[in-house]
Amino acid sequence: MKICVVVGHVWATKKEPALNGLKFMVVKDDKSGEEFAAADMVGAGIGEKVLIVNGSTARRAVGADERPVDAAIVGIIDTLEVEKETTSDK
Amino acid sequence: MKICVVVGHVWATKKEPALNGLKFMVVKDDKSGEEFAAADMVGAGIGEKVLIVNGSTARRAVGADERPVDAAIVGIIDTLEVEKETTSDK
Amino acid sequence: MKICVVVGHVWATKKEPALNGLKFMVVKDDKSGEEFAAADMVGAGIGEKVLIVNGSTARRAVGADERPVDAAIVGIIDTLEVEKETTSDK
Amino acid sequence: MKICVVVGHVWATKKEPALNGLKFMVVKDDKSGEEFAAADMVGAGIGEKVLIVNGSTARRAVGADERPVDAAIVGIIDTLEVEKETTSDK
Amino acid sequence: MKICVVVGHVWATKKEPALNGLKFMVVKDDKSGEEFAAADMVGAGIGEKVLIVNGSTARRAVGADERPVDAAIVGIIDTLEVEKETTSDK
């Protein structure tokens, strides 16, 4: 589960019909710098820290194996506690 | 879903028969610099920003689990809005 | 199986219902520097070295294919012996 | 689909019985520098540019889901046209 | 199929019951520097060059889809011939 920040939105009018109805956000993994699009399943907003699943697991998140999605936001992080540092996003 | 730019075409005459009929484009992830081939499902053109799926999800995009494809273009990006910067490709 | 160290906890109140009941830890791969969240299946604690599985295999670890989990802690490492160096975590 | 060059051969006498009969080549992704072994399904030769599939898709390429193969050569590239540069391998 | 060298052993007493009976080795990809644990299916020893499969393919190698394994050693490399250089491990 990647720990990312939501940094933007992405719109595609011309797309696979099976993607209709999904909202795509741009997310960024602060550790690796990696940036990609993910289907939002939890109503995440810009600036929020989120949990991401990739690969076939993203299809489980969208609840339909035939939808061509390989990244999905599955949780909004309230608190992230790493070693001696504690970060609250609330 | 990788956010890539279409940068080229690739042709292979000698290939797995199950790949016949697919069009392969070369795409580049500007963030990571990564460049690879992807089956085009949406009629993307050179220079367009696109959404890419990888892995088993690409087989869902081509609609046939037995076709050996692990990357597919599933959407043409109209607008990409990242933080305070907005980019329109229209 | 990634060899990681448990470095923290992560909490998400708003999440996919299928994630309820799972405990998520932050783990770090010391070799690559990569840091991500993983569902803990073995009661791992901060500072312990653990074995991680990713992708569809993490769904096997949580025992339910429809749960959107793509990383899981599946073992606590007692001893890690690498070439001429031996490290015991006991 | 990774775009690689065939750079070598690899032989393993002691191996999983389900790998018998497959030919393994060493391939290199010139962009990333990554080098790995792939089962050759198309009769590729040293120095040829090829299309590679990875992961579960490689098992589709070898036509048997139970064979433990996660990389396969599925096409020999004739022409690779990237932006203003055109490369013909014929 | 990653080309790795076996560099160590790893033991985990507290682990998912489905991992019982498997032997885990530490392997290193010399090209990328990546180091991880893999279930040994072929009796590989320290210092040997091996073929590794990752992801769902590793579950095919261990012969049981429900075992949470995402890396497995499936062959011991005898000879690795890369371009003008030939390396024999025999």
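Do any strands (runs of 3 or more DSSP E) entirely within chain D hold 2 or more residues that are of a type in the set (D, E, K, R), and if so, which? Can you show your working first?
Numbers: elements: D:2-11, D:24-28, D:35-40, D:49-54, D:71-76, D:79-82, D:85-88.
Because the criterion is at least 2 residues that are of a type in the set (D, E, K, R), the strands (runs of 3 or more DSSP E) in chain D that meet it are D:35-40.
Residue-by-condition table, conditions (1) under 27 Å from E:Lys28 (Cα atoms); (2) surrounded by fewer than 23 Cβ atoms within 10 Å (Cβ to Cβ); (3) at pLDDT 95 or above; (4) out of contact with any strand residue (DSSP E or B) (no Cβ under 8 Å at 6 or more places or on another chain):
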position	(1), (2), (3), (4)
D:Ala37	yes, no, yes, no
D:Ile46	yes, yes, yes, no
D:Leu51	yes, no, yes, no
D:Ala58	yes, no, yes, no
D:Gly63	no, yes, no, yes
D:Glu66	yes, yes, no, yes
D:Ala72	yes, no, yes, no
D:Glu81	no, yes, yes, no
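Right, E:Val6: aliphatic (A, V, I, L, M), surrounded by fewer than 24 Cβ atoms within 10 Å (Cβ to Cβ), modelled with pLDDT of 95 or more and within 9 Å of the chain's Cα centre (by Cα) or not?
It is true that E:Val6 is aliphatic (A, V, I, L, M), surrounded by fewer than 24 Cβ atoms within 10 Å (Cβ to Cβ), modelled with pLDDT of 95 or more and within 9 Å of the chain's Cα centre (by Cα).
Among the residues of the range B:28-41, which ones are touching a residue at least 12 places away in the same chain (Cβ under 8 Å) and over 20 Å from D:Ile73 (Cβ atoms)?
Passing the criteria: B:Lys28, B:Asp29, B:Asp30, B:Lys31, B:Asp40, B:Met41.
Looking at (1) buried (at least 21 other Cβ atoms within 10 Å of the Cβ); (2) of a type outside the set (Gly, Ala, Ser); (3) more than 10 Å from chain E (Cβ to nearest Cβ); (4) touching a helix residue (DSSP H, G or I) at 6+ places or on another chain (Cβ under 8 Å), find the lone condition where C:Val26 falls short.
(4)
Can you name the condition, by its number, that B:Asp78 falls short on among (1) within 8 Å of another protein chain (Cβ to nearest Cβ); (2) among the acidic types (Asp, Glu); (3) more than 17 Å from A:Pro17 (Cα to Cα)?
Exception for B:Asp78: condition (3).
Could you give every pair whose Cβ atoms fall below 8 Å, whose first residue belongs to the range E:61-83 and is within 15 Å of D:Ala37 (Cβ to Cβ), and whose second residue is in a loop (DSSP other than H, G, I, E, B) and β-branched (Val, Ile, Thr), counting only separations of at least 6 or pairs across chains?
Short answer, once both residue conditions are applied: E:Ala61/E:Val69; E:Ile73/E:Val42; E:Val74/E:Val42; E:Gly75/E:Val42; E:Ile76/D:Thr13; E:Ile76/E:Val42; E:Asp78/D:Thr13; E:Glu83/D:Ile46.
Of the conditions (1) at pLDDT 95 or above; (2) at positive phi; (3) facing chain E (nearest Cβ under 9 Å), D:Gly33 fails just one. Which one is it?
If we test D:Gly33 against (1) at pLDDT 95 or above; (2) at positive phi; (3) facing chain E (nearest Cβ under 9 Å), just (1) comes out false.
The values are calculated or read from the model by the stated rules, or taken from the named source; none is laboratory data. Nothing here was measured: the structure is a model prediction, and the numbers come from that model. Here the Cβ is made from the backbone with ideal geometry for all residues, glycine too, and neighbour counts use every protein chain on show.
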